[in-house]
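Right, one structure below, let's go through it.
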Amino acid sequence: MRKAPFIFNSYALLKLFQKEKGYEKITHLLEEIRKAEGIKYINAINVGEIIYATKREFGNQKKIEVLANIERLNFIILPIPNNLIFQAAEYKAQYSISYADCFVLASAIEFKAIVVTGDPEFKKVEQLIEIFWI
């Protein structure tokens, strides 16, 4: 396993927490990262996506459980400084992917991180970053 950091988008973590098809691959990856003492990032924008999607679908209690899981899994939550906002906006204009995904893209490039996703939107930018497809 490469020692590079990983950045998870909301697609990957929602799949994991809801135990949707393919979640086992994410569980295995998380275990490999833990064994290698690797770094796991999630962008604050994506945490927001997870919060609203979980609350809307499952309610407050499940939302609290999911946030506790993010903390328990030792994710580093990346803040959203102005330079990241501006870079994400540039990617949004250029590649026409979701704005939240643009934050993942910008963070992945800044931190030289591997993006963990199954979101097909990332096919538009896979020449810019390394992707661990789930």
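Derivation of every value follows stated rules applied to the coordinates shown; laboratory data play no part. Just so you know, these numbers come straight off a predicted model, no measurement behind them. Neighbour counts run over all protein chains shown; Cβ positions are idealised from the backbone, glycine included.
For region 72-127, filtering for residues that are of a type in the set (Asp, Glu) and under 14 Å from ASN46 (Cα atoms) leaves 2. Of the helices (runs of 4 or more DSSP H) that lie entirely inside region 1-119, those containing 2 or more residues that are over 15 Å from the mean Cα position of the chain (by Cα) and loosely packed, with under 12 Cβ neighbours inside 10 Å span 23-35, 44-58, 60-72, 82-95.
Can we say GLN127 is farther than 17 Å from SER10 by Cβ, free of Cβ contacts under 8 Å to residues at least 60 places away in the same chain and in a loop (DSSP other than H, G, I, E, B)? Judged against the criteria, GLN127 is a match. Remark: pairs (first residue in region 31-58, in contact (Cβ under 8 Å) with a residue 60 or more places away in the chain and closer than 24 Å to ASN83 by Cα; second residue surrounded by 14 or more Cβ atoms within 10 Å (Cβ to Cβ) and among the polar types (S, T, N, Q); Cβ separation under 8 Å; 6+ apart in sequence or on different chains) = TYR41/SER107; ASN43/ASN9; ASN43/SER107.
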